[in-house]
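The block underneath contains the structure these notes are about, expressed in structure tokens.
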Amino acid sequence: LPTTGPLRPERGLRSVVAFVGPTGVGKTTTLAKMAANYRLREGLRVGLVTVDTYRIAAVEQLRTYADIIDLPMKVVTSPKEMRRALDELAGLDLVFIDTAGRSPRDDLKLQELKSLLDEARADQVYLVLSLSAGARAIEAAAEQFRCVNPTAAILTKLDEALGCGSLVSLPERIGLPVSYLTMGQDVPDDIEPAQSSRMAQL
């Protein structure tokens with residue numbers, strides 16, 4: 001079962017990490033868990049960028065996390081603003097980019113997302129997928145999001161899935177290694193780096 005291990009940013013060398021995926025898979029919560037862990041437990045300088053200005057209260061949700069964890073945050077609506085925001089966050093170790101959930105059938109919105117991520121030049125693009133969605137829906141989403149060149153998958157909501165049997169075949173079927181697993185809403189807990197042995201056990 002292909003896995004990548006956890007994200008390993010280097011102090012003083014900024015890494016840009018984007019989270020993409022369909023609506024309702026838990027991108028913002030997953031991002032907040034990772035941001036809190038790297039800021040509070042590892043002492044890294046972390047910043048947030050959100051391009052999720054479509055969903056009501058999405059910006060407020062991320063801003064609440066940013067205030068609690070004490071992180072700088074930028075709101076971006078265009079590729080030009082993305083460039084400016086990342087310039088302003090240049091002195092950090094890690095920048096997480098939260099994106100709006102996209103219907104896998106909305107090609108126009110996916111192209112908008114691609115142009116934003118091209119401007120961000122992200123080092124990692126995590127495709128966030130909910131295990132509770134079912135194998136067919138997950139495969140369809142992975143196929144549609146291929147245009148934004150994801151580097152690894154994060155599988156969420158293991159606690160809501162009817163079973164975890166699809167963990168065995170999923171990485172091969174979506175063509176991506178798995179980086180993290182999440183199971184629950186608690187920030188910064190309920191997330192773990194994916195391990196082959198653990199996935200097989202589940």
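The values are calculated or read from the model by the stated rules, or taken from the named source; none is laboratory data. No experiment lies behind these values; they were computed from the predicted model shown. Note that we place each Cβ from the backbone using ideal geometry, even for glycine, and neighbour counts take in every protein chain shown. We work out accessible area using only protein heavy atoms, side chains counted, and drop any ligands, DNA or RNA first. Shrake-Rupley method; radii C 1.70, N 1.55, O 1.52, S 1.80 Å.
The set of residues in the range 2-29 that are out of contact with any strand residue (DSSP E or B) (no Cβ under 7 Å at 6 or more places or on another chain) and either open to solvent by less than 10 Å² (accessible area, probe 1.4 Å) or among the hydrophobic types (A, V, I, L, M, F, W, C) (or both) contains only LEU13.
Among the criteria (1) modelled with pLDDT of 90 or more; (2) out of contact with any Leu (no Cβ under 6 Å at 6 or more places or on another chain); (3) of a type in the set (A, V, I, L, M, F, W, C); (4) closer than 19 Å to ARG121 by Cα, the one ALA32 does not fulfil is (4). The single condition among (1) surrounded by fewer than 13 Cβ atoms within 10 Å (Cβ to Cβ); (2) farther than 30 Å from ILE69 by Cα; (3) out of contact with any Ser or Thr (no Cβ under 9 Å at 6 or more places or on another chain); (4) not acidic (Asp, Glu) that GLY175 does not meet is (1).
Only one of the numbered conditions (1) assigned to a loop (DSSP other than H, G, I, E, B); (2) within 19 Å of LYS27 (Cα to Cα); (3) of a type outside the set (Phe, Trp, Tyr) is not met by GLY163, and that is (2). Looking across PRO150, PRO177, PRO171, one residue alone is touching a residue at least 40 places away in the same chain (Cβ under 8 Å) and more than 24 Å from ASN37 (Cα to Cα). It is PRO171.
Is there a residue being closer than 24 Å to GLY47 by Cβ, open to solvent by less than 60 Å² (accessible area, probe 1.4 Å) and part of a loop (DSSP other than H, G, I, E, B) anywhere in the range 143-159? Checking the range 143-159: at least one residue is closer than 24 Å to GLY47 by Cβ, open to solvent by less than 60 Å² (accessible area, probe 1.4 Å) and part of a loop (DSSP other than H, G, I, E, B). Taking the condition under 29 Å from LYS74 (Cα atoms), of a type in the set (D, E, K, R) and open to solvent by less than 50 Å² (accessible area, probe 1.4 Å), does ASP118 pass? No; evaluated as a whole, the condition is false for this residue. The C-beta contact set for the range 185-202 (first residue farther than 15 Å from ALA36 by Cα, second residue open to solvent by 70 Å² or more (accessible area, probe 1.4 Å) and of a type in the set (Asp, Glu), distance under 8 angstrom, 6+ apart or interchain) is empty. For the condition in a strand (DSSP E or B) and within 18 Å of LYS27 (Cβ to Cβ), what is the one hit in LYS109, LYS74, LYS114? Within the list LYS109, LYS74, LYS114, the selection yields LYS74.
Of all residues in the range 30-68, which are under 16 Å from the mean Cα position of the chain (by Cα), among the hydroxyl-bearing types (Ser, Thr, Tyr) and open to solvent by 20 Å² or more (accessible area, probe 1.4 Å)? Passing the criteria: only TYR65. Is it fair to say TYR126 is closer than 24 Å to LEU170 by Cα and surrounded by 13 or more Cβ atoms within 10 Å (Cβ to Cβ)? Criteria met by TYR126.
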